[in-house]
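**Q** One structure, pasted below without further comment.
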Amino acid sequence: MITIGSTVGNYEVIAKLGSGAMGAVFLAEHPSIGKRVALKVIHSDLAANAEMVSRFFTEARAVTQIQNEHIIDVQNYGQTPDGDNFIVMEFLDGKGLGEILKEKKILSVEQAIHVAWQVADGLSASHRLGIVHRDLKPDNIFIVQRSNDPLFVKILDFGLAKLTQGGGALSHKTRAGSVLGTPHYMAPEQCEGKPDIDHRVDIYALGCIIYEMLCGRVPFPGEGFGEVLVKHLREPPQMPTRLNPTIPKPLEQIILHALAKKKEFRFQSMDEFRVALTDPERYSRALDGDRPLNSNTLEFLAQTPAVRAEQSTMIFDAPSVPEAHDTIMMEAPVIPENTASVPAAVVLSSHLLEEDAVPAGKGRGLWIALFAAVGILVLGGGAAGFLLWRGKTEAAASVVVTSEPSGAAVWQGETQVGKTPYVLKIPRGESAELVLKKEGFVDGKRRVAADGEPALVVKLTAREEKKAPPKVEAPPEEPQKKRVEKGERKKKKKDYDDVMEPSF
């Protein structure tokens, strides 16, 4: 086992820097030239877990391929003769962004943009190789002093990285329905446990981080895992300028664009995100069409597909919405190719047929009929048929199942389908019966309806151990000597009383 004083390759371990759920990080030094490195070692109890070891070495292989100044440099990796798995990385003298935010709470607009731009630059290089980080968060963004830059970014921990192109050494499967990542920075598709996630989950996570750097909190705070996931899936974030009025409106637009619920409506690449951060006002004007086109703007627009109408995110004032939601964010609908030139009135009506946009029950049919009538007036029967078809289509609902304590096995019938937290998909109008099992606790049985609450929290009750009845011990027998002495004292007292009793 690697400990202080161990030798790994050409390096001697001299101190422990920290540890986590997966492994520990040591400071090691080359005895001859004095070069220092960080040595990451997987915990010995995980060495027999093939999936954990695979994810551990995924980080090393991913990082060595990226070769960007904002990605931590990996110099070597392997296994010691004793079976310890290790990664040799450059030693960084600085602080994690998470630690900085705990101290300062909020960064200035200039500082936040500077940090975010570097993160986008590093992940842009990663995405070009098809490598998705999947666990981007402030704790994985390290800030060091580099030349004259006190806020130089190094991105760490590619342990959950996913290869989205080709196959090769980085490829490993993720079970459908499994949730990977850190809840406060997870894109909605991650929260649902979808297996087909891509680089746009990193775009969403960076949007969450910029929001936190400028607002002093994450966009979707919550006490429990399930509560946070449901907010990512269902709720719009509070407007950043409500929490920090110094945020420029163009930058707020960029943040909200990155936080779009559907990945089709976010920035479509980190390059695009980085360009937007370079000049938020220019980007905003280009989107709005308020600035005359020149050669620079044309080049800018050519590499930003999000300016197309079908990929924009619209923000509408909504006075009728409860006070908890000052504004409502609505995403532009996905229109079939043969209806690309549909007038705006029909585009809006088809968008309102999306799930959660039209009231349920009998009123829904009236809405569909109204939109179909609009389609007939504008485009004829073809559009009406499309709208009615959209109205009949019913998607499956996603219900986030969590337990207290977490890690309970989730059973449907005779099959274990996963562990909490678990994302259950149920066709509309149907329900499913689940049984949550955990050693030491009473089984929790619940029926989940597709049209019910989007989150289910099951509090498991600890089993009561049957205790043997307390043993009643007879009082110890008084020693014979003490009993005799006690009897003699009583006899003497009686004789004394007889003598002293007066006679008449």
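The values are calculated or read from the model by the stated rules, or taken from the named source; none is laboratory data. Since the structure is predicted, the reported quantities are computational estimates derived from the model, not experimental observations. Here the Cβ is made from the backbone with ideal geometry for all residues, glycine too, and neighbour counts use every protein chain on show.
**Q** Could you please find all residues in segment 9-24 being at pLDDT 90 or above and closer than 16 Å to THR80 by Cβ?
**A** Within segment 9-24, TYR11, GLU12, VAL13 meet the criteria.
**Q** A further question on this structure: Looking at ASP84, is it among the charged types (D, E, K, R) and surrounded by fewer than 17 Cβ atoms within 10 Å (Cβ to Cβ)?
**A** For ASP84, the condition - among the charged types (D, E, K, R) and surrounded by fewer than 17 Cβ atoms within 10 Å (Cβ to Cβ) - is not met.
**Q** Scanning segment 183-226 for residues that are under 12 Å from the mean Cα position of the chain (by Cα) and among the aromatic types (Phe, Trp, Tyr), which turns out modelled with the lowest pLDDT?
**A** PHE225
**Q** Let me confirm something: among ARG36, ARG61, ARG55, which residue is among the basic types (Lys, Arg), in contact (Cβ under 8 Å) with a residue 60 or more places away in the chain and either over 16 Å from PHE158 (Cα atoms) or in contact with a strand residue (DSSP E or B) (Cβ under 9 Å, 6 or more places away or on another chain) (or both)?
**A** Selected residue: ARG61, the only one of ARG36, ARG61, ARG55 that is among the basic types (Lys, Arg), in contact (Cβ under 8 Å) with a residue 60 or more places away in the chain and either over 16 Å from PHE158 (Cα atoms) or in contact with a strand residue (DSSP E or B) (Cβ under 9 Å, 6 or more places away or on another chain) (or both).
**Q** Here's a follow-up. Condition check: of a type in the set (A, V, I, L, M), assigned by TED's automatic domain parsing to the domain that holds ILE210 and closer than 24 Å to GLN75 by Cβ. Does VAL109 satisfy that?
**A** So VAL109 fails the test.
**Q** Please find, among LYS104, LYS154, the residue that is surrounded by fewer than 17 Cβ atoms within 10 Å (Cβ to Cβ) and either within 18 Å of GLU69 (Cα to Cα) or free of Cβ contacts under 8 Å to residues at least 60 places away in the same chain (or both).
**A** Numbers: LYS154 fails: surrounded by fewer than 17 Cβ atoms within 10 Å (Cβ to Cβ).
On inspection, the qualifying residue turns out to be LYS104.
**Q** Also, I was wondering about something else. Of the conditions (1) surrounded by 17 or more Cβ atoms within 10 Å (Cβ to Cβ); (2) closer than 22 Å to SER147 by Cβ, GLU110 fails just one. Which one is it?
**A** Checking GLU110 against (1) surrounded by 17 or more Cβ atoms within 10 Å (Cβ to Cβ); (2) closer than 22 Å to SER147 by Cβ, the one that fails is (1).
Residues checked against (1) within 26 Å of HIS127 (Cβ to Cβ); (2) touching a residue at least 40 places away in the same chain (Cβ under 8 Å); (3) outside any strand (DSSP E or B); (4) in contact with a Leu (Cβ under 8 Å, 6 or more places away or on another chain):
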| residue | (1), (2), (3), (4) |
| --- | --- |
| ILE14 | no, no, no, yes |
| PRO31 | no, no, yes, no |
| GLN75 | yes, no, no, no |
| PHE86 | no, yes, no, yes |
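**Q** Here is a further query. Within 29 Å of SER406 (Cα to Cα), assigned by TED's automatic domain parsing to the domain that holds ILE106 and buried (at least 18 other Cβ atoms within 10 Å of the Cβ): does that describe GLU212? Can you show your working first?
**A** Numbers: within 29 Å of SER406 (Cα to Cα): yes; assigned by TED's automatic domain parsing to the domain that holds ILE106: yes; buried (at least 18 other Cβ atoms within 10 Å of the Cβ): yes.
Yes: the conditions hold for GLU212.
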